[in-house]
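Let me begin by presenting the structure, written as structure tokens, before commenting on it.
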Amino acid sequence: MVKKHTYAGLFMVTLATETYEILLTRIFSVTMWYHFAFMAISIAMFGMTVGALIVYLFPIYFSEQRAKYHLALSSLFFSIITILSFLAHLVIPFITNFSVLGLSTMGSNFAVISTPFIFSGISVCIALTKFPSHVSKLYAVDLAGAALGCIFVIYT
């Protein structure tokens, strides 16, 4: 049974995910070269796909009986890891030369930044796959949260 707080939680996760993704394009244009700003979109898509794959590959762990527990847990981890990964991004130097050090710093930057999107992907995937009788309303809430997240960026 899906309750109102499940809809509200999914709405807030997708709102925060989309807002953070768009803000990362601005942040990357300052902390890295401007043409790396669009990497934020790829990183978000990569992270959310990894999260969905985790749910798909471990169906016993992400069972329907524990869906609400995993929704709450992945949403909590999303909120905490978002702050920690951003702070880690600011600490990791961005070295642009083509060397082992340059590739490792870029790779570690992108890996750290993709981590919150993994937990967002887990949340969204659980919500859309473990409650099949409510998927249309949940998907509408998902889209509404992401849309409002786009609008919300204007005021940040």
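Tell me, what is the percent relative contact order of the range 15-108, built from C-alpha pairs under 8 Å that lie six or more residues apart? Mind showing how you got there, number by number?
Values: 41 pairs, mean separation 15.2, N = 94.
It rounds to 16 percent for the range 15-108.
Projected onto the charge dipole of the chain (+1 at Lys/Arg Cβ, -1 at Asp/Glu Cβ, origin at the Cα centre), which of 109, 91, 8 gives the Cα projection farthest towards the positive end?
Of the options given, the answer is 8.
If I compute solvent accessible area with a 1.4 Å probe over the protein chains, what percent of it on the range 1-98 is carbon and sulfur?
About 76 percent, which is the carbon plus sulfur part of the accessible surface.
Under a point-charge model restricted to the Cβ atoms of Lys and Arg (+1) and Asp and Glu (-1), what is the dipole moment magnitude of the range 1-94 relative to its Cα centre, in debye to the nearest 20? The partial results should precede the final answer.
On the way: 5 positive and 3 negative charges, 55 e Å.
The calculation lands at about 260 debye.
With every protein chain present, what is the per residue accessible area of the chain (1.4 Å probe, Å²)? The partial results should precede the final answer.
On the way: 8800 Å² over 156 residues.
That works out to 56 Å² for each residue.
Using the Kirkwood radius over C-alpha pairs as Rh, can you work out the diffusion coefficient of the chain via Stokes-Einstein at 4 °C, viscosity 1.567 mPa s, in µm² per second? Write out the running numbers ahead of the final one.
Numbers: Rh = 16.2 Å.
Estimated via Stokes-Einstein, D reaches 80 µm²/s.
Compute the acute angle (0 to 90°) between the alpha-carbon long axis of helix 39-57 and the principal axis of greatest extent of the alpha-carbon atoms of the chain; round to the nearest 10°.
Between the helix axis and the principal axis of the chain, the angle is about 40 degrees.
Probe radius 1.4 Å, ligands and nucleic acids left out: which of 38, 119 has the largest accessible area, and how do the rest follow?
Numbers: 38 145, 119 45 Å².
Highest to lowest solvent-accessible surface, that is 38, 119.
Given the Cα-Cα distance of residue 151 and residue 135 and 0.36 nm per residue of separation, how much length would full extension add, in nm? Present the calculation step by step, with values, prior to reporting the outcome.
Details: separation 16, 0.36 × 16 = 5.76 nm, distance 2.42 nm.
3.3 nm is the gain from fully extending residue 151 to residue 135.
Tell me which chymotrypsin sites (Phe, Trp or Tyr not before Pro) from the range 1-36 have a DSSP coil assignment and no more than 11 other beta carbons within 10 Å of their own.
In loop regions of the range 1-36 (DSSP not H, G, I, E or B), the sparsely surrounded chymotrypsin sites (Phe, Trp or Tyr not before Pro) are 33.
The values are calculated or read from the model by the stated rules, or taken from the named source; none is laboratory data. Just so we're clear, the structure is a prediction, and the values are computed from it rather than from any experiment. Backbone-built Cβ (ideal geometry, glycine too); neighbour counts: all protein chains shown. When the accessible area is computed, the model is the full protein with side chains, heavy atoms only, and any ligands, DNA or RNA have been set aside. Shrake-Rupley method; radii C 1.70, N 1.55, O 1.52, S 1.80 Å.
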